[in-house]
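Participant: Mind having a look at this structure? Questions to follow.
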Amino acid sequence: MSTEMNQKQPIKADTPPEDIPGAPEQEIDDVEDLSQQDELYERHEIVADQKQSLIRLDKFLIDRLANRSRSKVQTAIKAGSVKVNEMDVKPNYKVKPGNIISIILPKSLEESYQIAPQPILLNIVYEDEDVMVINKPAGLAVHPGVGIPNGTLVNAVAWHLQESMKNLPVKEGNEANRAGIVHRIDKDTTGLMVVAKTDFAMTHLANQFFHHTIERRYQALVWGDMEGDSGTVRANIGRNPNDRRLFMTFPEGDDGKWAVTHWRIIERFYYCSLVECQLETGRTHQIRVHLKSIGHTLFGDPRYGGNQILKGTLYSKYKQFVETNLQLLPRQALHAKVLGFQHPRTGEFIRFESELPEDMKTVLERWRTYLQGRKELI
């Protein structure tokens with residue numbers, strides 16, 4: 001990091017975008033960009049024609065994939081993201097008639113935003129020449145979108161890495177707003193994220209996310225005493241047709257995209273439960289929507305009604321207790337606690353764990369204290 005960068009005062013992650021130096025003057029609202037909130041990777045499958053002449057694999061793919069350069073395709077092959085008849089191959093492999101070629105790539109986003117490096121403070125848990133692991137605070141959107149043109153984690157990463165910006169995987173067309181982002185967590189969800197610093201790392205990680213080999217474990221405080229000690233929610237998730245800001249579950253085979261969330265109880269508070277959620281898929285608002293669908297809305301979640309008293313009586317002391325908790329935690333009580341993945345360069349599986357943020361820890365301790373005073377409920 002340059003001397004000039006060190007002399008500038010970092011901006012807290014929850015600083016409103018309009019207060020960040022260099023941010024354009026425009027109206028900022030509280031609408032998350034939900035247009036691109038699912039997985040940031042895509043799979044293509046191409047079947048070579050029976051009359052296909054022998055041609056190098058990389059050239060074959062370049063001719064058939066829009067807006068993908070030779071270097072991007074070759075990187076995908078080297079990262080193990082390209083299979084021919086389900087087998088690994090080299091870039092100079094000659095495609096044969098009838099070959100089935102599959103390729104997994106970081107998704108090309110539909111919208112582009114000018115990414116200006118901004119001195120937003122980052123909590124960097126780990127960093128090497130390939131990847132960064134960041135503990136994201138509440139209030140920090142991952143990347144620009146509708147109503148959030150800047151002041152995002154992407155802007156912060158660009159600032160942190162501006163001395164080596166030429167190496168970031170952000171240079172081609174609509175990918176200019178990616179800055180190595182291969183997955184997201186919601187703006188007001190806290191916790192661990194991995195950011196790629198090279199094209200190879202980005203493609204390698206996209207392949208891992210696609211095949212569900214990334215370990216992602218969240219902790220959530222939900223309303224209600226959950227039945228059983230563990231379970232799995234399998235339900236399609238799609239946009240609510242009556243409110244584009246919300247998502248909902250759909251019967252299998254109908255609308256939405258397939259999603260799977262495994263959960264287990266960590267601690268019970270009679271009126272609430274602390275649960276661990278392990279994701280197989282990464283749909284928009286997945287944990288929030290899945291747990292709400294089984295009757296356990298996340299505590300404090302203003303978008304899905306968790307910022308109201310959903311369990312217990314309206315006894316004045318209890319009401320006051322809950323309202324104080326909601327003031328202390330004015331967001332969904334959700335934290336991405338564990339993140340594990342295969343390192344793109346070394347092949348080693350590395351795993352990170354972060355503490356719960358102070359707002360969640362404070363509210364959990366208040367629930368413990370409250371129940372100690374009402375032992376007859378336990």
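Participant: So which residues in segment 188-213 are in a loop (DSSP other than H, G, I, E, B) and modelled with pLDDT of 95 or more?
Facilitator: Asp188, Thr189
Participant: Being over 27 Å from Gln208 (Cβ atoms), touching a helix residue (DSSP H, G or I) at 6+ places or on another chain (Cβ under 8 Å) and not polar (S, T, N, Q) is the filter here; which residues of segment 272-297 pass it?
Facilitator: Of everything in segment 272-297, those that are over 27 Å from Gln208 (Cβ atoms), touching a helix residue (DSSP H, G or I) at 6+ places or on another chain (Cβ under 8 Å) and not polar (S, T, N, Q) turn out to be Cys272, Leu274.
Participant: Restricting to segment 44-93, what's the tally of residues that are part of a loop (DSSP other than H, G, I, E, B) and among the aliphatic types (A, V, I, L, M)?
Facilitator: Looking only at that region, the number is 6.
Participant: Taking the condition modelled with pLDDT of 95 or more, more than 23 Å from Asn135 (Cα to Cα) and either surrounded by 21 or more Cβ atoms within 10 Å (Cβ to Cβ) or not β-branched (Val, Ile, Thr) (or both), does Asp254 pass?
Facilitator: Values: modelled with pLDDT of 95 or more: no; more than 23 Å from Asn135 (Cα to Cα): yes; either surrounded by 21 or more Cβ atoms within 10 Å (Cβ to Cβ) or not β-branched (Val, Ile, Thr) (or both): yes.
Considered against the rule, which asks whether it is modelled with pLDDT of 95 or more, more than 23 Å from Asn135 (Cα to Cα) and either surrounded by 21 or more Cβ atoms within 10 Å (Cβ to Cβ) or not β-branched (Val, Ile, Thr) (or both), Asp254 comes out as no.
Participant: When Ala76 is evaluated against the numbered criteria (1) surrounded by fewer than 16 Cβ atoms within 10 Å (Cβ to Cβ); (2) over 20 Å from Asp49 (Cβ atoms); (3) modelled with pLDDT of 85 or more, which criterion, by number, is the only one it fails?
Facilitator: It is condition (1) that Ala76 fails.
Participant: So in segment 100-123, with the set limited to residues that are more than 30 Å from Lys83 (Cβ to Cβ), surrounded by 14 or more Cβ atoms within 10 Å (Cβ to Cβ) and out of contact with any Lys or Arg (no Cβ under 8 Å at 6 or more places or on another chain), which one is modelled with the lowest pLDDT?
Facilitator: Per the criteria, the residue is Tyr113.
Participant: Does Glu86 satisfy being open to solvent by 10 Å² or more (accessible area, probe 1.4 Å), over 29 Å from Gly191 (Cα atoms) and in contact with a Ser or Thr (Cβ under 7 Å, 6 or more places away or on another chain)?
Facilitator: No.
Participant: On to the next question. May I ask you to list pairs of residues, at least six apart or on different chains, whose Cβ atoms are under 7 Å apart, with the first in segment 353-369 being more than 11 Å from His335 (Cα to Cα) and the second being open to solvent by less than 70 Å² (accessible area, probe 1.4 Å) and in a helix (DSSP H, G or I)?
Facilitator: Val363/Asn325; Arg366/Asn325
Participant: Something else: I need a count of the residues in segment 232-248 that are open to solvent by 40 Å² or more (accessible area, probe 1.4 Å) and either within 19 Å of Lys361 (Cα to Cα) or in a strand (DSSP E or B) (or both).
Facilitator: Residues meeting the conditions: 4.
The values are calculated or read from the model by the stated rules, or taken from the named source; none is laboratory data. The shown structure was predicted, so the numbers you read here are calculated from the model rather than taken from an experiment. Cβ sites come from the backbone with ideal geometry, for glycine too, and all protein chains shown count toward neighbours. With ligands, DNA and RNA removed, areas are computed over all heavy atoms of the protein, side chains included. Shrake-Rupley method; radii C 1.70, N 1.55, O 1.52, S 1.80 Å.
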